[in-house]
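Q: I have a structure I would like to understand better, so I am pasting it below and will then ask my questions one at a time.
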Amino acid sequence: MKKRLSGALLFAAAFQMMVGLAEAASCGNTGEGFEAWKSNFADEAQTNGTSQKAISALIGTSYSSGTIAADRSQKSFTLSLDAFMAKRGAAAIAAKGKSLKASNAGLFASIENAFGVPAGPLIAIWGMETGFGAFMGNQNTLSAITTLAYDCRRSEYFTDQLYATLKLVDRGLLDVSTRGAMHGEVGQTQFLPKSILLYGVDGDGDGRVNLNTKADALASTANFLKDHGWIRGEGYQPSEPNFSAIQDGMLPASIRALSP
């Protein structure tokens with residue numbers, strides 16, 4: 001009887017401890033609980049096998065008010081297609097895209113040979129996302145992702161992204177100085193960390209994946225499309241076989257309008 005009682009008490013104590021940790025690590029809508037949440041998340045991540053290098057990077061993050069402000073006011077999604085395209089400078093992007101297609105013909109040919117994706121959709125994504133690498137963002141990537149994992153609005157989704165971020169830190173593909181867009185997207189075609197982990201390609205053969213370089217960014221984007229059902233040689237306009245591959249996470253309207 002004493003053994004059963006002792007076991008029950010130990011279980012109750014362990015359960016209470018888990019509940020306490022869960023409550024302490026709950027999401028928040030302001031920065032007030034961020035540090036406590038981060039500390040508990042670091043403990044959880046370490047228990048799940050995350051390296052000390054990545055844990056140290058996590059501990060060094062700070063609550064990003066700018067990321068939260070951007071997340072709460074994504075005006076582009078409330079615009080009409082014409083207004084969205086005008087805001088993005090579609091005409092100028094299309095003109096420059098044609099020039100870049102010609103000057104990077106060898107790169108696009110090698111990517112199409114490897115993944116079956118032609119230059120058109122890659123140029124459209126490249127141009128619409130960052131103006132061909134001109135505007136990749138200046139937000140600290142680790143702080144942005146950690147803030148969004150803590151924030152209640154999409155905590156589950158960004159917790160997954162945070163674990164991917166920590167893996168990339170451990171592999172040396174991201175670090176505490178990495179900067180990108182407000183929601184943690186990085187590189188010339190704006191990949192979130194999990195997409196880098198899944199689809200990142202060393203397009204220039206230097207031995208590492210760095211989406212700040214055009215070769216890696218474009219090859220990774222082609223790999224993404226291939227994995228999402230891209231069929232070599234088929235079209236990508238509405239009703240054509242590859243349109244659904246573009247729809248999954250990309251900018252179908254932009255691609256229809258801009259493909260040279």
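The values are calculated or read from the model by the stated rules, or taken from the named source; none is laboratory data. For clarity, every value in this text was computed on a predicted model and none was experimentally measured. Ideal geometry is used to build each Cβ from the backbone, glycine not excepted, and the neighbour counts take in all protein chains shown.
Q: Do we find a residue being closer than 22 Å to Gly207 by Cα, assigned to a helix (DSSP H, G or I) and touching a residue at least 24 places away in the same chain (Cβ under 8 Å) anywhere in segment 142-161?
A: No, that holds for no residue.
Q: Next question, about the same structure. Give me the helices (runs of 4 or more DSSP H) completely within segment 174-260, filtered to those with at least 1 residues that are at pLDDT 95 or above, more than 22 Å from Ala134 (Cβ to Cβ) and not basic (Lys, Arg), ordered by residue number.
A: Correct list: 193-199, 214-227.
Q: Sticking with this structure for a sec: In segment 105-162, how many are among the β-branched types (Val, Ile, Thr) and within 20 Å of Gly66 (Cβ to Cβ)? Before you say what the answer is, go through the steps one by one.
A: Pass one, segment 105-162, residues among the β-branched types (Val, Ile, Thr): 111, 117, 123, 125, 130, 141, 145-147, 159.
Those still in the list that are within 20 Å of Gly66 (Cβ to Cβ) too: 130, 141, 145-147.
Number satisfying all stated conditions: 5.
Q: Sticking with this one: Checking the conditions here, which among Met136, Met128 is more than 30 Å from Leu58 (Cα to Cα) and either in contact with a helix residue (DSSP H, G or I) (Cβ under 8 Å, 6 or more places away or on another chain) or part of a helix (DSSP H, G or I) (or both)? Give the derivation first.
A: Details: Met136 fails: more than 30 Å from Leu58 (Cα to Cα).
Only one candidate qualifies: Met128.
Q: Within segment 34-54, count every residue that is touching a residue at least 60 places away in the same chain (Cβ under 8 Å) and surrounded by 15 or more Cβ atoms within 10 Å (Cβ to Cβ).
A: Residues meeting the conditions: 8.
Q: Do we find a residue being assigned to a loop (DSSP other than H, G, I, E, B), at pLDDT below 95 and out of contact with any strand residue (DSSP E or B) (no Cβ under 8 Å at 6 or more places or on another chain) anywhere in segment 31-44?
A: Initial filter on segment 31-44 (assigned to a loop (DSSP other than H, G, I, E, B)): none.
Within segment 31-44, none of the residues are assigned to a loop (DSSP other than H, G, I, E, B), at pLDDT below 95 and out of contact with any strand residue (DSSP E or B) (no Cβ under 8 Å at 6 or more places or on another chain).
Q: Conditions first: (1) surrounded by 15 or more Cβ atoms within 10 Å (Cβ to Cβ); (2) closer than 17 Å to Leu173 by Cα; (3) in contact (Cβ under 8 Å) with a residue 24 or more places away in the chain; (4) not polar (S, T, N, Q). Leu198 passes all but one, so which condition is the exception?
A: Leu198 satisfies every listed condition except (1).
Q: Further, regarding this structure: Starting from residues that are out of contact with any Gly (no Cβ under 7 Å at 6 or more places or on another chain) and closer than 14 Å to Asn212 by Cα, keep the ones in segment 129-170 and report whichever is surrounded by the most Cβ atoms within 10 Å (Cβ to Cβ).
A: Checked segment 129-170; the qualifying residue surrounded by the most Cβ atoms within 10 Å (Cβ to Cβ) is Glu129.
Q: Further question: Scan Gly127, Gly131, Gly120 and give me the residue that is under 27 Å from Pro238 (Cβ atoms) and either touching a Pro at 6+ places or on another chain (Cβ under 8 Å) or at pLDDT 95 or above (or both). Break it down into steps so the answer makes sense when it comes.
A: Numbers: Gly127 fails: either touching a Pro at 6+ places or on another chain (Cβ under 8 Å) or at pLDDT 95 or above (or both); Gly131 fails: either touching a Pro at 6+ places or on another chain (Cβ under 8 Å) or at pLDDT 95 or above (or both).
On inspection, the qualifying residue turns out to be Gly120.
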